[in-house]
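Participant: Following this message is one structure expressed as structure tokens.
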Amino acid sequence: MKLNYKIIFHFLGLLLLFNGGFMLLSALVSWTYNDGVTLQILMAGVVTIIIGLIGFFVTRDHKKEINKREGYVVVAFGWVVMSLSGTMPYVFTESIPSFTNAFFETMSGYTTTGASILNDIEAMPEGVLFWRSLTHWIGGMGIIVLAIAILPLLGIGGMQLFAAEAPGPSGDKLHPRITDTAKRLWLIYFGYTAAETILLNLAGMSFFDAINHALCTLSTGGFSTKNASVAHWNGNPMIQYIIILFMFLAGTNFVLSYFAFKGRVQKIIQDEEFKLYFKFITVFTIIAALIIYFRADVSASSVSHPMVLGEGESAFRHALFQVLAIITTTGFVTADYTMWTPFLVVFFFGLMFLGGSAGSTSGGVKVVRHLILIKNGFLEFKRTLHPNAIVPVRYNKKAINRFIVFNVLAFFILYMLSFIIGGLVFSMFDIDFKSAIGLSASTLGNVGPALGDYGPVNNYASLPALAKWWASFLMLIGRLELFTVLILFTPFFWRNR
């Protein structure tokens, strides 16, 4: 069966229309703050919308049916097209004149990685900073999920797209109709963003800083409006605790948030992934806090204001913040954790492979996959003793289809291979071992801060141009969970049958 290219270009045109609309919103912010680049951002938005309209209307007579293959093409190329068009506000305003740097920053935005090439963030115009944060927010839940909410208007069903884009190994739906699912997810997402904006503003952030950090927290992105990231507010613990709360929520399956609002708390308490996610955060925070308290000098590692309150509270807050920031792949920083003893450097590096919950906006492997791997590993001992016994892996008291277990195993192997190959390629650019493996783990897991020369208080500006393109590719396959992108490189995918 031939690919329906018309529907692919039709959908890409639709995505460009969305992107252009968000650029116009950024132009409005630019005009409000009178930052001098309103016209340039407006032009970027208009150009994007015109290209989108051409793609949308030229292909309007497409066959109104989308299969799985076309779903994968739309998702993978959709993210690339969004990133290419998303460079225009940077290039038009000359805030990032280099196309390589602009593409890296944009891909980092849409994939919610949070790795930046900007040396002086605070010197950027407000309209550009808002656009930068918006790329996180759009990418957080996925522009694809947003777009399928209106696909029925075009006579197209979007289940294939949701399966290709939705984070995690399972698409747990809130409602039988996929469109209603997308709407509910975005309503929760928007509600959390608005709530965090208000709380941060009340806690002492300016409204502009508050809305930008809310956009970047709920998307588990990590871009900040300050050079020192969230460490800029080390003198205001309340701001950091608010961000901690919303990082936790953003790393939790959004379906559970829906259940919480419906009063179905029992569903949350019984969810095995949520319980393990909560245990991971608790245990890892206690370990990190004790080591920080007894062995690390938090004040010396602070990249902004000195600590306030007691040493115990400071150690706990920084431990909880950094554990959550890395597990949820948000990437905000309150201090240079690479100065907190060698053990904690390796410890945080390991957390880069964890990831948040499936159905959340976080990157990484995801907690549910680790849970299935652990359960299957223990059951292998039982199967060795009882080779004829049928011992299925159970999740939430239900037996999991063995093909899902195989998929999880395949994903984990592919993820680790991608990490190793990623590190090898980075090392080809004369990047030292520590920095290379840190870059590979961080970009593939969409974490943001890496290790070595690209640690939490540094940025990616010094990365060679080709290495930036490689990092962008790793960000893309990490955000779309490997299979969605890598399947396009297989010859049988393109074979007409």
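The values are calculated or read from the model by the stated rules, or taken from the named source; none is laboratory data. Given the structure is predicted, the values throughout are model-derived calculations rather than measurements. Cβ sites come from the backbone with ideal geometry, for glycine too, and all protein chains shown count toward neighbours. Ligands, DNA and RNA are excluded from the accessible area calculation, which covers all protein heavy atoms including side chains. Shrake-Rupley method; radii C 1.70, N 1.55, O 1.52, S 1.80 Å.
Participant: Where in segment 192-273 are there helices (runs of 4 or more DSSP H), lying wholly inside it, with at least 2 residues that are touching a residue at least 24 places away in the same chain (Cβ under 8 Å) and either more than 19 Å from residue 326 (Cα to Cα) or open to solvent by 20 Å² or more (accessible area, probe 1.4 Å) (or both)?
Facilitator: Answer list for segment 192-273: 207-218, 237-250, 254-261.
Participant: When residue 86 is evaluated against the numbered criteria (1) under 17 Å from residue 23 (Cβ atoms); (2) in contact (Cβ under 8 Å) with a residue 60 or more places away in the chain; (3) open to solvent by 10 Å² or more (accessible area, probe 1.4 Å), which criterion, by number, is the only one it fails?
Facilitator: Evaluating residue 86 over (1) under 17 Å from residue 23 (Cβ atoms); (2) in contact (Cβ under 8 Å) with a residue 60 or more places away in the chain; (3) open to solvent by 10 Å² or more (accessible area, probe 1.4 Å) leaves (3) as the failure.
Participant: So which pairs qualify, if the first residue must be in segment 452-471 and more than 19 Å from residue 120 (Cβ to Cβ), the second must be surrounded by 16 or more Cβ atoms within 10 Å (Cβ to Cβ) and among the charged types (D, E, K, R), the Cβ gap must be under 8 Å, and the two must be at least 6 apart or on different chains?
Facilitator: Cβ pairs passing all conditions: 452/434.
Participant: Restricted to segment 119-145, and to residues that are in contact with a helix residue (DSSP H, G or I) (Cβ under 7 Å, 6 or more places away or on another chain) and assigned to a loop (DSSP other than H, G, I, E, B), which residue is most open to solvent (accessible area, probe 1.4 Å)?
Facilitator: 125
Conditions tested, residue by residue: (1) closer than 23 Å to residue 484 by Cα; (2) at pLDDT 95 or above; (3) surrounded by 14 or more Cβ atoms within 10 Å (Cβ to Cβ).
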position	(1), (2), (3)
410	yes, no, no
418	yes, yes, yes
422	yes, yes, yes
430	no, no, no
434	no, no, yes
437	no, yes, yes
440	yes, yes, yes
446	yes, no, yes
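Participant: For segment 371-402, what are the residues that are within 29 Å of residue 350 (Cβ to Cβ), of a type in the set (A, V, I, L, M, F, W, C) and open to solvent by 70 Å² or more (accessible area, probe 1.4 Å)?
Facilitator: Matches in segment 371-402: 374, 378, 381.
Participant: With part of a helix (DSSP H, G or I) and closer than 23 Å to residue 72 by Cβ as the only criterion, which of 12, 53, 25, 42 stands out?
Facilitator: Answer to the check: 12.
Participant: Checking the conditions here, which among 77, 103 is surrounded by 21 or more Cβ atoms within 10 Å (Cβ to Cβ), under 18 Å from the mean Cα position of the chain (by Cα) and of a type in the set (Phe, Trp, Tyr)?
Facilitator: Of the residues listed, the single one that is surrounded by 21 or more Cβ atoms within 10 Å (Cβ to Cβ), under 18 Å from the mean Cα position of the chain (by Cα) and of a type in the set (Phe, Trp, Tyr) is 103.
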